[in-house]
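These notes concern the structure reproduced below.
Read-outs throughout are calculated quantities, based only on the coordinates presented, and are distinct from any laboratory measurement. This structure is a prediction, so every number in the text was calculated from the model and none was measured.
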Amino acid sequence: MPRNHEKDIQLREDKKKHILKSALPLFVANGPQATTISEIAKAAGMSKGLIYNYFESKEELYSILAADILGMSEKDANDLLYVMEGTPWDRLCKVAKDVVIRRISKLIGDEGIGMQFNLAFSMQFLNFQQLPEPYKNNVNQAYDFNRRTIAELFKQGQESGQLIAGPSYQLAIHYSSIVNGMFMENTRNEGIFDEIAVENALKLFLR
């Protein structure tokens, strides 16, 4: 009997996830320019031609991973703004802790990924501006959506009188810079920023 449509879709998504997971360490080690589809195919245990059944190019693979680490989904954004419990500052702290202490790829999970690998991963994918169009735009949009979501959270905190005044998008950029800085330092000196340290670093946003 033929497989049902839902199972076919799930099998395809599983295969794409496997390819992304296979490509990740190659991109981290070599960057997008030096990594080849042949290397990705070998790591994934499939033919080069089969890779192209799922992705147009290595640049598409790279852009998907970059958008994953630098952005957030619409569901995650909605949950952060309207579902998650706690004050706006509590939620800003929750996001920061997830990045600084537990940063992982949402697409492929954290299996086998240590802090040093995470550092290389993030440093590599922050260089997404080298991507050709339209892949660079896709990552830029994901990055901007992340910041606009954080900016909206700042607006909520300002309206409640909890967070400092100022342009919300600029505050989101400031927040992101602090959080990414703590993450980078935590990967070099694991554990230097625990949950309390993250909260203390973000108190400058409180009124």
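Values as computed for the structure displayed
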read-out: Region 135-207: equivalent-ellipsoid semi-axes (sqrt of 5 x gyration tensor eigenvalues, Cα, Å); value: 22, 21, 8
read-out: Reference-scaled alpha-carbon Rg (2.2 N^0.38 Å with N residues) for region 5-205; value: 1.10
read-out: Distance violations [Cα-Cα > 32 Å] among Lys42/Lys97; Lys16/Lys155; Lys7/Lys75; value: Lys42/Lys97; Lys16/Lys155
read-out: For the chain, calculated [θ]222 nm from helices alone, where every DSSP H run of n ≥ 4 adds -39500 (n - 2.57); value: -21500 deg cm²/dmol
read-out: Per-bin percent of Cα-Cα distances, region 14-57 [10 Å]; value: 30, 62, 8
read-out: Inter-part distance where region 1-74 and region 142-190 are each reduced to a Cα centre, Å; value: 30
